[in-house]
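Peer 1: If you scroll down you'll find the structure; I have some questions about it.
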Amino acid sequence: MAITAPTVTGDFSGFLNKERAAPIFDQVYRASALQQLARKVPLGLAGTEVPVVTSKPTAGWVAEAGKKPASKGGMTLKSMTPKKIAAIAVVSAETVRANPGGYVDEIRPQLGEAFAMAFDAAGFHGTNTPFAAYLGQATASVGIGSSAASAGGVHADLVTALRLLVNAGKKLTGFALDTRLEPDLLGSVDTTGRPLYIESPYEGTAPAARGGRLIGRQSSMGDGVGAPTPGAPSTAYTLGWAGDWSQVVWGQIGGISYDVSTQATVTIDGELTSLWENNLVAVRAETEFGLLINDVSSFVKLTKTTAA
């Protein structure tokens with residue numbers, strides 16, 4: 001057969017087919033602390049309408065043959081629209097020539113982590129967020145470590161967060177925790193001497209976000225959940241959230257839009273770099289996520305203070 005065109009790395013595009021796309025999305029889920037706690041709902045190209053209950057029917061006692069009370073529940077719809085997220089992975093052409101299938105497997109966790117970190121930064125802190133609300137807009141906060149050990153320590157701090165939610169008519173269903181809180185939690189017990197934080201059993205992998213239990217509620221702990229540590233002393237910074245995660249939903253449009261190139265230019269370390277000139281291969285992956293936070297007041301920030 002006559003050669004009509006040289007073999008190029010663009011020929012490897014088919015390696016990222018539907019079957020391989022699913023594990024990448026699974027990696028995103030495992031790496032995102034926010035996605036593990038929030039509820040996932042179907043999301044279409046045009047977005048979706050999420051029903052939100054505003055009131056519930058009530059019941060009343062009646063006498064025999066008495067008139068029964070009438071009531072009704074209320075519901076409204078809130079829109080969740082998809083927003084595009086993208087990542088570019090760059091490797092040497094030698095890596096592609098050595099093992100194309102292994103190359104795709106290698107970039108899978110890298111793309112998953114990139115998507116997860118950007119999603120969490122937007123949902124937690126509003127960093128470059130395309131979404132209308134983020135958890136950093138919550139106003140209530142509790143300082144972890146603010147209670148003396150003799151007054152209950154970290155356990156008392158978590159109970160304070162629970163009390164703030166209950167007094168506001170909210171619920172506590174789970175925690176999103178930064179890994180920087182782990183030493184405080186592992187060294188703390190409740191009033192009966194039981195550990196506060198119990199990590200989920202090891203599953204043979206090391207996902208970026210780890211599940212666990214904290215004062216009887218689900219927790220998800222990972223890097224990037226909290227805000228960067230400020231340099232100034234005596235400054236409080238957020239390292240987690242306690243709240244009602246039924247108030248948060250997210251969605252994802254299935255399938256990955258991607259391409260492979262050796263001819264384009266890519267920004268590396270702040271400078272445009274020619275892939276062709278440097279014998280590099282770039283894979284660009286894109287997908288779309290939606291995020292809807294119904295009520296940011298259903299959350300309490302968990303903070304720490306830098307040493308003075």
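Peer 1: Report yes if Val159 is in a strand (DSSP E or B) and at negative phi, otherwise no. Steps first, please.
Peer 2: On the way: in a strand (DSSP E or B): no; at negative phi: yes.
Answer is no for this residue.
Peer 1: Related question: I'm checking my understanding of the structure. Among residues of segment 238-257 that are touching a strand residue (DSSP E or B) at 6+ places or on another chain (Cβ under 7 Å) and surrounded by fewer than 17 Cβ atoms within 10 Å (Cβ to Cβ), which one is nearest to Ala89 (Cα to Cα)? Walk me through it before giving the result.
Peer 2: Taking segment 238-257 and keeping what is touching a strand residue (DSSP E or B) at 6+ places or on another chain (Cβ under 7 Å), we get 238-243, 245-253, 256-257.
From what's left, surrounded by fewer than 17 Cβ atoms within 10 Å (Cβ to Cβ): 246, 257.
Working: Ser246: 34, Ser257: 14 Å.
Ranking the qualifying residues of segment 238-257, first place goes to Ser257.
Peer 1: Right, something else. Checking the structure you have, find out if any residue of segment 175-193 is at pLDDT below 85 and at positive phi.
Peer 2: Taking every residue of segment 175-193 in turn, at least one turns out to be at pLDDT below 85 and at positive phi.
Peer 1: Return only the number of the condition from (1) in a strand (DSSP E or B); (2) over 17 Å from Gln36 (Cα atoms) that Gly290 does not satisfy.
Peer 2: (2)
Peer 1: Condition first: part of a loop (DSSP other than H, G, I, E, B), more than 25 Å from Arg180 (Cα to Cα) and not small (Gly, Ala, Ser). Can you find one or more residues in segment 249-263 that meet it?
Peer 2: As a first pass, look at segment 249-263 and keep what is part of a loop (DSSP other than H, G, I, E, B): 262-263.
When the remaining residues are screened for being more than 25 Å from Arg180 (Cα to Cα), the result is 262-263.
Subsequent filtering for residues that are not small (Gly, Ala, Ser) retains 262-263.
There is at least one residue in segment 249-263 that is part of a loop (DSSP other than H, G, I, E, B), more than 25 Å from Arg180 (Cα to Cα) and not small (Gly, Ala, Ser).
Peer 1: While we're on this one: May I ask you to list the residues in segment 274-308 that are more than 30 Å from Phe175 (Cβ to Cβ) and in contact (Cβ under 8 Å) with a residue 24 or more places away in the chain?
Peer 2: So the first thing to find is which residues in segment 274-308 are more than 30 Å from Phe175 (Cβ to Cβ), and the list is 274-286.
Leu275, Asn279, Leu280, Val281, Ala282, Val283, Arg284, Ala285, Glu286 - these are the residues of segment 274-308 that are more than 30 Å from Phe175 (Cβ to Cβ) and in contact (Cβ under 8 Å) with a residue 24 or more places away in the chain.
Peer 1: Among the residues that make up segment 138-148, is at least one of them touching a Phe, Trp or Tyr at 6+ places or on another chain (Cβ under 6 Å) and surrounded by 15 or more Cβ atoms within 10 Å (Cβ to Cβ)?
Peer 2: Keep residues of segment 138-148 that are touching a Phe, Trp or Tyr at 6+ places or on another chain (Cβ under 6 Å), which gives 138.
When the remaining residues are screened for being surrounded by 15 or more Cβ atoms within 10 Å (Cβ to Cβ), the result is 138.
For segment 138-148, residues touching a Phe, Trp or Tyr at 6+ places or on another chain (Cβ under 6 Å) and surrounded by 15 or more Cβ atoms within 10 Å (Cβ to Cβ): present.
Peer 1: While we're here: Could you list, in sequence order, the residues of segment 232-248 that are in a strand (DSSP E or B) and aromatic (Phe, Trp, Tyr)? I'd like the intermediate steps shown before the answer.
Peer 2: Restricting attention to segment 232-248, the residues satisfying the condition of being in a strand (DSSP E or B) are 236-243, 248.
Residues satisfying the conditions are Tyr237, Trp241.
Condition check ((1) in a strand (DSSP E or B); (2) surrounded by 11 or more Cβ atoms within 10 Å (Cβ to Cβ); (3) on the phi > 0 side of the Ramachandran plot; (4) modelled with pLDDT under 75) across all residues:
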| residue | (1), (2), (3), (4) |
| --- | --- |
| Ala46 | no, no, no, yes |
| Pro57 | no, no, no, yes |
| Glu64 | no, no, no, yes |
| Ala70 | no, no, no, yes |
| Ser79 | yes, yes, no, no |
| Ile85 | yes, yes, no, no |
| Val90 | yes, yes, no, no |
| Val96 | no, yes, no, yes |
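The values are calculated or read from the model by the stated rules, or taken from the named source; none is laboratory data. Not measured: the values here are computed from a predicted model. Don't worry about glycine lacking a Cβ; one is built from the backbone with ideal geometry, like all the others, and counts go over all protein chains shown.
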